[in-house]
Amino acid sequence: MKQADYPPQEPLSPAGTAYGDECWRRGEGIDGAEFAVGADPYQRLLVFRAPRPDGRVLLFWHGGGWTSGYKEWMSFMAPAFTAQGVTFVSAGYRLAPQHVFPAGIDDAAAAIGWVLANIGAHGGDPAQLFVGGHSAGGHYAALLSLAPALLHARGVPGVPIRGCLPLSGVFDFTASSGLSMRPRFLGADPRSDEAASPFRHIGAALPPFLVAYGSNDFPHLVTQGRAFAAALRSAGGSVEEIEMPERTHFTASYAGGEPDGPWVPAALAFMRRHTTRATAR
């Protein structure tokens with residue numbers, strides 16, 4: 001879809017506008033196959049098939065403060081992964097303030113369900129599913145990785161997520177979050193603050209995590225990223241942590257498409273380590 005095909009979104013800050021424009025520019029000419037997981041224009045995903053797929057799948061969600069963003073923003077990431085045999089999927093979700101929690105989680109879960117049911121036709125193995133996202137998208141990826149009950153409640157089968165790769169993600173919305181204001185996607189119900197916080201869902205069964213953020217990221221996200229990684233380790237989880245030098249919140253996202261950058265090689269190595277030998281090449 002083109003940007004003009006979507007309903008209007010909340011206006012972005014100047015920095016956010018520049019970031020969005022750059023994502024569209026970097027994704028020019030990188031086309032995936034589009035599929036719907038619901039009737040809303042945002043309930044769609046793009047599948048980028050690898051020339052020589054090895055079964056691994058990375059399902060990724062865009063950022064935008066839960067109020068803006070497009071699945072097409074992450075198209076620029078696809079070539080770095082498909083060149084290495086990974087089937088890359090970029091998914092959208094309904095946005096606030098029109099749609100509040102848990103609408104976005106419903107859509108993210110639907111994307112996982114679609115991938116599990118259909119990715120085999122595109123060279124992927126549903127048993128080799130990794131999930132990730134930037135900013136708000138990293139929040140959704142982490143929450144669904146830590147709270148499988150959210151998937152089960154939405155009819156998604158219990159196929160384990162092989163690993164989660166949040167990039168400048170948000171992990172806490174409670175009083176300890178450090179956020180300057182409560183995000184509007186949480187809606188009016190105060191119980192959503194805890195229910196939507198991945199930090200509050202750390203339990204006994206943990207998939208591996210690759211937690212990444214920029215050294216010049218939003219300060220509260222650096223603090224949250226470090227604390228989240230530490231909490232996962234304390235719970236016995238397998239955690240790798242990357243603080244990307246000089247990267248801001250937005251240039252950390254651009255690292256997602258840089259084959260020789262600070263994140264892509266680490267992400268590919270992480271996926272290789274956590275892929276079953278029967279599929280990995």
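Numbers below:
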{"item": "Beta bridges by DSSP in the chain, antiparallel share as percent, to the nearest 5", "result": "25 percent"}
{"item": "Rounded to whole Å, sorted largest first: equivalent-ellipsoid semi-axes of the stretch 141-281, Cα gyration tensor", "result": "24, 22, 13"}
{"item": "Length gained when the stretch residue 182-residue 258 is fully extended (0.36 nm per residue, less Cα-Cα span)", "result": "24.1 nm"}
{"item": "Fewest-first ranking of 271, 1, 181, using other Cβ atoms within 10 Å as the exposure measure", "result": "181, 1, 271"}
{"item": "For the stretch 63-77 versus the stretch 2-19, the gap between their alpha-carbon centres in whole angstrom", "result": "10 Å"}
{"item": "Inter-site label distance for residue 52 and residue 31 at 7 Å from Cα along Cβ, in nm", "result": "2.6 nm"}
{"item": "Calculated FRET efficiency for the pair residue 10/residue 204, C-beta based, R₀ 45 Å, to 0.05", "result": "0.70"}
{"item": "Dipole magnitude of the stretch 41-273, debye to nearest 20 (Cβ charges: Lys/Arg +1, Asp/Glu -1, about Cα centre)", "result": "380 debye"}
{"item": "Using θ = phi - 60° and Karplus 6.51 cos²θ - 1.76 cosθ + 1.60, couplings along the stretch 191-197 (whole Hz; Gly, Pro as x)", "result": "5, 5, 4, 7, 4, 8, 8"}
{"item": "Difference of contour (0.36 nm per residue) and Cα-Cα distance, residue 273 to residue 1", "result": "94.5 nm"}
{"item": "Mean ellipticity per residue at 222 nm, deg cm²/dmol - from DSSP H runs of n ≥ 4 across the chain, formula -39500 (n - 2.57)", "result": "-9000 deg cm²/dmol"}
{"item": "Gain in span if fully extended, residue 223 to residue 174, counting 0.36 nm per residue against the direct Cα distance", "result": "16.2 nm"}
{"item": "Relative contact order (percent, whole number), the chain, Cα cutoff 8 Å, 6+ residue spacing", "result": "17 percent"}
{"item": "Average Cα contact separation per residue, the stretch 137-263, under 8 Å, 6 or more apart, as relative contact order %", "result": "26 percent"}
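Only the coordinates and a few stated rules stand behind these numbers; no lab work does. Nothing here was measured: the structure is a model prediction, and the numbers come from that model. All Cβ positions, glycine included, derive from the backbone under ideal geometry; neighbour counts span all protein chains shown.
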